[in-house]
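The values are calculated or read from the model by the stated rules, or taken from the named source; none is laboratory data. Note that the structure is predicted; figures quoted are calculated from it, not measured. We place every Cβ from the backbone using ideal geometry, glycine too, and count neighbours over all the protein chains shown.
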Amino acid sequence: MELIKKVFDAVLVIQPAAFEDHRGYFFESYSEEKLAKIGLNEKFTQDNESLSTQKGVLRGLHFQTPPYAQGKLVRVTKGAVYDVVLDIRTNSESYGQHFGYELNETNKTMIYIPPGFAHGFVTLQENTIFNYKCTNNYNKTSEGGIIWDDPTLNIDWQVEIPILSDKDKTNEPFDSFKSLF
């Protein structure tokens, strides 16, 4: 595994080594030892997977507040997404800044998003499968969200009209958001 870049001093973009031949491919999607060598020493407690059957499904911007804050190691196993990370750490120089990156089944790239960041993605293909390894178990009372189209954030989600859940349509505006990080 190779660290491609570090964003906001905390978010890691990781490229696993993939081996391909006429039969297909093989790669290690998780190796505690290899991740530790690039600076990721987290204990993961929960795996999640989502299927988005349509192009343009937007999920986010989500986070879990302390004491149930989660780090997430994310990747796409089928399809493609535009993945977005938003810094919500109040003492950070990059507070309120975001970073976006395409994850897809071909590049196999992963992103580690530590606690203190909101996360979201939009599907770029139909039938996209997205996987998360989380450092803490989900807790409904600790979930939070920032509205996806907040004008102060000016995130280019790369879709005209996203498909949203009712919950994501009512997330909080960034200007009124009070971070616990």
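Quick look at the numbers
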read-out: Residue count, region 154-181 (criterion: closer than 25 Å to V76 by Cα and of a type outside the set (S, T, N, Q)); value: 13
read-out: Among the candidates T77, T90, T106, residue that is of a type in the set (V, I, T), in contact with a Phe, Trp or Tyr (Cβ under 8 Å, 6 or more places away or on another chain), modelled with pLDDT of 95 or more and more than 20 Å from E143 (Cβ to Cβ); value: T77
read-out: Residue within region 142-165 that is surrounded by 14 or more Cβ atoms within 10 Å (Cβ to Cβ), hydroxyl-bearing (S, T, Y) and within 18 Å of A10 (Cβ to Cβ) present; value: no
read-out: Single match in N131, N137 (criterion: in contact (Cβ under 8 Å) with a residue 24 or more places away in the chain, exposed (fewer than 14 other Cβ atoms within 10 Å of the Cβ) and either under 17 Å from the mean Cα position of the chain (by Cα) or not in a loop (DSSP other than H, G, I, E, B) (or both)); value: N137
read-out: All positions within region 83-106 that are aromatic (F, W, Y) and closer than 16 Å to N131 by Cβ; value: Y101
read-out: When residues of region 105-120 are limited to those that are over 15 Å from G39 (Cα atoms) and in contact with a strand residue (DSSP E or B) (Cβ under 6 Å, 6 or more places away or on another chain), the one surrounded by the most Cβ atoms within 10 Å (Cβ to Cβ); value: F117
read-out: Pair list, Cβ < 7 Å and 6+ apart or interchain, from region 153-181 residues that are small (G, A, S) to residues that are surrounded by fewer than 18 Cβ atoms within 10 Å (Cβ to Cβ); value: S179/T90
read-out: Criterion (touching a residue at least 60 places away in the same chain (Cβ under 8 Å) and buried (at least 18 other Cβ atoms within 10 Å of the Cβ)) met by exactly one of Q15, Q64; value: Q64
read-out: Residues satisfying the stated conditions in region 42-53, i.e. loosely packed, with under 12 Cβ neighbours inside 10 Å and either modelled with pLDDT under 95 or under 22 Å from L124 (Cα atoms) (or both); value: E49, T53
